[in-house]
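Enquirer: Structure below; questions to follow.
No lab work stands behind these numbers, since they all come straight from the coordinates. Quick caveat: nothing in here was measured; it's all calculated off a predicted structure. Positions of Cβ are generated from backbone atoms using ideal geometry, with glycine treated the same way; all protein chains shown enter the neighbour counts.
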Amino acid sequence: MNDTPDRGTIADPRDQCIAAIRRLAQQEHHQRQAPFLVEGISLLQMALEAGVRPLAILYCQEQAAAAGAMALVQRFRQANVETLSVSARVMHALSERSVPQGILASFRPFWTTLDALSPAAHALIPVLDDVQDPGAVGTLIRTADAVDATAVVLGPGSADPFDPKAVRGSMGSLFNVPLVQAANLSDNLALLQRQGFQRIGICSQAKESWGRGVLTGRVALVLTSEQKHHPPQRQDELDRMLSIPHIDQPLDTAIAGSIAMYAWLQENMAR
């Protein structure tokens, strides 16, 4: 068990190890297979509770003690996770917070497949088709966690769920919801059909309005950026196309998707 003190504190932001970690934080667009950073006590507690193991924990003794994070550092040590002590100067260089909590971690991206899942008779799987805003992706993952969705499928045109904005938007829910990387979304939609899922597209231009009795049983909820019209090929792969009523401007994807997910929950929670 790794409960011994770390080797000396890293004090120089130009240290080779720290420089590599800073590059992860500064990537304009995170690469889906590259490690990513998570900062803050609550998010890292969620990772620990979900059993998601980080590559390494970095902490600043002074800041972490003030924020009450040293107990969390110790728990990671007991889980045999490498912990690295850094100076306040280094933590400020790595942190996006004006007042760092003194702890962050690097993780390897974690993906699953539809074949590895065991959906219930009433199951929801949001399918993100070209949802390009990482903040929206994070919000949708957070909502999927709140309604106990089976998984979230991300098509090749959607933002990376491990992008820093998506990680923050998910509020730690990315550790709780299985994530499926769909290299070929058509293949995944076909598999969902074989698994008994009704494939429902949400689009502001759809002629049929969402209503009670629609989102029941196994539902694959297909969402796209700003509810734009699904292309003809995708429409052929859907069982239904629904719109959510609105008075003026169409709802954005994160809001529309969240409304539809809670509608599914309401329809199915008593079943």
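Enquirer: With N residues in segment 58-200, what two-decimal value do you get for its Cα radius of gyration over 2.2 N^0.38 Å?
Expert: Details: Rg = 18.2 Å, N = 143, 2.2 N^0.38 = 14.5 Å.
Taking N as the residue count of segment 58-200, the ratio is 1.26.
Enquirer: Oh, and also: Check which residues have an amide H placed less than 5 Å from V222's amide H, if you skip close sequence neighbours.
Expert: V127, I200, G201, I202
Enquirer: Project the alpha carbons of the chain onto their principal axes and report the range along each, largest first, in whole Å.
Expert: Here the spans come out as 63, 34, 32 Å, largest first.
Enquirer: Apply the Karplus curve 6.51 cos²θ - 1.76 cosθ + 1.60, θ = phi - 60°, to the phi angles in segment 124-137 and return the couplings in whole Hz, x for Gly and Pro.
Expert: Working through the residues one at a time gives 10, 10, x, 10, 8, 9, 6, 7, 8, 7, x, x, 5, 4 Hz.
Enquirer: Would you mind telling me the antiparallel percentage of the DSSP bridges in the chain, rounded to 5? Mind dumping the intermediate values first?
Expert: Numbers: 8 of 34 bridges.
Just about 25 percent of them are antiparallel.
Enquirer: Now for a separate question. Which length gain, in nm to one decimal place, applies between S118 and A34 when the Cα-Cα distance is subtracted from 0.36 nm times their residue separation? Walk me through the intermediate numbers first.
Expert: Working: separation 84, 0.36 × 84 = 30.24 nm, distance 2.78 nm.
Additional length available on full extension: 27.5 nm.
Enquirer: Taking 0.36 nm per intervening residue step and subtracting the Cα-Cα distance, what contour gain separates Q195 from W111 on full extension?
Expert: Details: separation 84, 0.36 × 84 = 30.24 nm, distance 1.96 nm.
Between Q195 and W111, full extension yields an extra 28.3 nm.
Enquirer: Taking the simple approach of a point 7 Å from Cα along Cα-to-Cβ for both A19 and A71, what is their distance in nm?
Expert: Result for the modelled spin labels: 3.9 nm.
Enquirer: Kindly write out, for segment 181-188 in residue order, the coupling ³J(HN,Hα) from the Karplus curve 6.51 cos²θ - 1.76 cosθ + 1.60 (θ = phi - 60°), rounded to whole Hz, with x marking Gly and Pro.
Expert: With coefficients 6.51, -1.76 and 1.60, one gets 8, 9, 5, 10, 5, 4, 5, 5 Hz.
Enquirer: Determine the dipole magnitude for segment 114-268: charges of +1 sit on the beta-carbon of Lys and Arg, -1 on that of Asp and Glu, nothing else is charged, the reference point is the Cα centre, and the result goes in debye to the nearest 20. Numbers along the way, then the final one.
Expert: Working: 11 positive and 17 negative charges, 51 e Å.
The dipole magnitude comes to about 240 debye.
Enquirer: Only residues of segment 180-206 count here: report those whose backbone N is under 15 Å from the spot 7 Å along Cα→Cβ of Q233, or say none.
Expert: Residues 183-190 fall inside that zone.
Enquirer: Which shape class, rounded, prolate or oblate, goes with segment 114-268 when its Cα gyration tensor gives a ≥ b ≥ c as root eigenvalues, a/c under 1.5 marks rounded, and past that a/b bigger than b/c marks prolate? Don't jump to the answer; show the numbers that get you there.
Expert: Working: a/c = 1.25, a/b = 1.09, b/c = 1.15.
Rounded.
Enquirer: Measure off 7 Å from each Cα along the Cα-to-Cβ vector at D148 and D252, then give the distance between these two points in nanometres to one decimal.
Expert: Result for the modelled spin labels: 3.0 nm.
Enquirer: Which of G135, G51, G169 ends up with the largest GNM mean-square fluctuation for the chain, with Cα atoms connected below 10 Å?
Expert: Answer for the Gaussian network model of the chain: G51.
Enquirer: Would you tally the net charge around V177, using a Cβ to Cβ cut-off of less than 11 Å, leaving V177 out, and scoring K and R as +1, D and E as -1? Intermediate values should be presented prior to the final figure.
Expert: On the way: positive: R142; negative: D145, D148.
Around V177, the surrounding residues sum to -1.
Enquirer: Rounded if a/c is under 1.5, else prolate if a/b beats b/c, else oblate: with a ≥ b ≥ c from the C-alpha gyration tensor eigenvalues square-rooted, which is segment 16-107?
Expert: On the way: a/c = 1.63, a/b = 1.14, b/c = 1.44.
Taking the square roots of the gyration eigenvalues as a ≥ b ≥ c, segment 16-107 is oblate.
Enquirer: Report relative contact order for the chain in percent, whole number only (criteria: Cα-Cα under 8 Å, sequence separation at least 6).
Expert: Values: 530 pairs, mean separation 50.5, N = 271.
19 percent.
Enquirer: Then there is this: Please give the length that would be gained between S186 and E96 if that part of the chain were fully extended, namely 0.36 nm times their separation in residues minus their C-alpha to C-alpha distance (nm, one decimal). Intermediate values should be presented prior to the final figure.
Expert: Details: separation 90, 0.36 × 90 = 32.40 nm, distance 3.78 nm.
Between S186 and E96, full extension yields an extra 28.6 nm.
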